[in-house]
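Throughout, read-outs are computed from the coordinates displayed, never taken from laboratory work. All values reported here derive from a predicted model rather than from experimental measurement. As a convention, Cβ positions derive from the backbone with ideal geometry for all residues, glycine included, and neighbour counts pool all protein chains shown.
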Amino acid sequence: MSRIDTDFAFGGKYRVEEAIANGGCGAVFQGVHTIAGKEVAIKLEPAIAKSSPLKQESKIYKTLSGAPGVPWIMWSGKAGDFNVMVIDLLGPSLEELFRMCNRHFSLKTVLLLADQLLSRIEYIHSRDLIHRDVKPGNFVMAKSDKDSPHLVNIIDFGLAKKYRDPRTGAHVPYAQEDQHGVGTCLFASINTHLGVECSRRDDLESLAYMLIYFMRGTLPWRKIRDPDAEKTWNLIRDKKLETAEFLTVGLPAEFDIFYKYVRGLEFDDLPDYDGLRGLFRGLAEKNGFDYDWAFDWSVPKPNERKRKRKCRSCHACSAAAEAAKAAAAIRRAS
């Protein structure tokens, strides 16, 4: 990317501070509102191509913003050599939290997540869109405890597209290419591997792989790698087909029901989102779990006590406390 002037304010008020992530189509930076001091995320893309994925993503954010779990878009446009999008700055992704928890989530945490993840995907689908890259890295929590810490947010709509006409409600036609579709091969649906046009069922199949990943700590194809990306996609496709029958063995039956249900959906079927949420809520009730949004990463470990926050000038504070004690003793004695 071109050099970024950190003194320049995009949109007249958003200044870049430090890089957060880099991708093939641009970079994401932490930034700040120069007047209000609010921290934001600034996504930049070189303004060199006629078609702009970032402009399209900005339009999608504007369509979806305002719903629970969708970041607000604050500004978008072209500035110098870049297309720019400014959105809420959020916290760690579910992938980062999963690693922080030693690649293990409890059943309760997985069920709490499943409830919200289904709702996020249902909302996107209700707006005639499919995400096409459902994975742990694209779901993030709030940055601080002040900002709805229990709320799971969905991000990165760079691959999202319409699956039906908003005016007529007509579903896109079935189609199949000779090569795999888009997304992340680790969580992509089998039909995406086969080059079939994406629809609602594919987002849900990706979610099924996510939940199984959280339950098991891994997936049978997670370590499959090849220098050739096309071959990696094909090898993972073959492993998914090979392991489909026993992917959920040892897990609560509800995960097997969910996986088989989404795999059995037809191309233009309307998924039963309420029924799927009810399926997992029934499992939570059976295990005596409350929907209190106490996730694994937010619950103190046994015998772990919260440390009292100390002043940076702790030696001076201690000296002042000692002096106060001495003064009090003198007063009592006099």
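In debye, nearest 20, what is the charge dipole magnitude of the chain about its Cα centre with +1 on Lys and Arg Cβ and -1 on Asp and Glu Cβ, if you could check?
1800 debye
Under 5 Å between amide hydrogens, which residues at least 5 positions from K143 or on another chain qualify, with H placed 1.01 Å from N in the peptide plane?
For K143, whose amide H was placed from the backbone, the distant partners under 5 Å are G91.
Where the convex hull is taken over the Cα atoms of region 33-171, what is its projected area averaged over directions, in nm²?
Directional mean of the projected Cα hull area for region 33-171 stands at 10.4 nm².
If every alpha-carbon in region 146-240 counts as one equal scatterer, what log10 I(q)/I(0) does Debye give at q = 0.15, 0.18, 0.25 1/Å?
Once normalised to I(0) and log-transformed, intensities are -0.71, -0.94, -1.36.
Out of I35, F10, S52, whose Cα points farthest toward the positive end of the dipole of region 9-88 (charges: +1 Lys, Arg; -1 Asp, Glu; placed on Cβ)?
S52
Can you compute the label reach from I257? Point 7 Å from Cα along the Cβ direction, backbone N cut-off under 19 Å, restricted to region 105-149.
From region 105-149, the list is 107-119.
Using helices alone, what [θ] at 222 nm do you get for the chain, with -39,500 (n - 2.57) per DSSP H run of 4 or more residues, divided over all residues and rounded to the nearest 500?
-11500 deg cm²/dmol
With the contact rule set at Cα under 8 Å and sequence spacing of 6 or more, what percent relative contact order holds for the chain?
13 percent
Measure nothing fancy, just the Cα-based angle from helix 107-126's long axis to the longest principal axis of the chain, in degrees from 0 to 90, nearest 10.
On a 0 to 90 degree scale, this one is about 60.
Placing +1 at every Lys and Arg Cβ and -1 at every Asp and Glu Cβ, with all other atoms neutral, what dipole size does region 227-283 have around its Cα centre, in debye to the nearest 20?
Its charge dipole is roughly 240 debye.
For I35, I42, which order do you get if you count the other beta carbons within 10 Å of each Cβ and list the fewest first?
I35, I42
Loop only per DSSP, at most 15 neighbouring Cβ atoms within 10 Å: give me the trypsin sites (Lys or Arg not before Pro) in region 214-289, ordered by residue number.
Qualifying residues, ordered by number: R222, K223, R225.
Cα gyration tensor of the chain, axes a ≥ b ≥ c as square roots of the eigenvalues: rounded (a/c below 1.5), prolate (a/b > b/c) or oblate?
oblate
For S51 and D290 in one chain, what is 0.36 nm times their gap in residues minus the Cα-Cα distance, to one decimal in nm?
Contour length minus the Cα-Cα distance gives 81.3 nm.
Counting other Cβ atoms within 10 Å of each Cβ, which trypsin sites (Lys or Arg not before Pro) in region 18-89 have at most 11 and sit in a DSSP loop?
K50
Taking the Cα centre of the chain as the origin and placing charges on Cβ (Lys, Arg +1; Asp, Glu -1), which of L159, I224, M100 is farthest toward the positive end of the dipole?
Sorting the options by dipole projection puts first M100.
With +1 on the Cβ of every Lys and Arg and -1 on the Cβ of every Asp and Glu, and nothing else charged, how large is the dipole of region 9-88 about its Cα centre, in debye rounded to the nearest 20?
Computed about the Cα centre, the dipole is about 320 debye.
For the chain, the longest stretch holding no chymotrypsin sites (Phe, Trp or Tyr not before Pro) located in a DSSP loop with at most 16 other Cβ atoms within 10 Å is which?
175-290
Given the options A294, A188, A41, which has the most mean-square fluctuation in a GNM of the chain, springs set between C-alpha atoms less than 10 angstrom apart?
So, out of A294, A188, A41, the one fluctuating most is A294.
What's the exposure ranking of M215, M141, going from fewest to most Cβ atoms within 10 Å?
Least crowded to most crowded, the residues run M215, M141.
For the pairs K223/K286; K55/K146; K108/K146; K78/K223; K161/K286; K143/K286, flag any whose C-alpha to C-alpha distance is greater than 28 Å.
K223/K286; K55/K146; K78/K223; K161/K286; K143/K286
What fraction, in whole percent, of alpha-carbon pairs in region 9-88 exceed 17 Å separation?
43 percent
Counting other Cβ atoms within 10 Å, which GluC sites (Glu not before Pro) in region 163-227 have at most 13 and lie in a DSSP loop?
Sparse-neighbourhood loop GluC sites (Glu not before Pro): E177.
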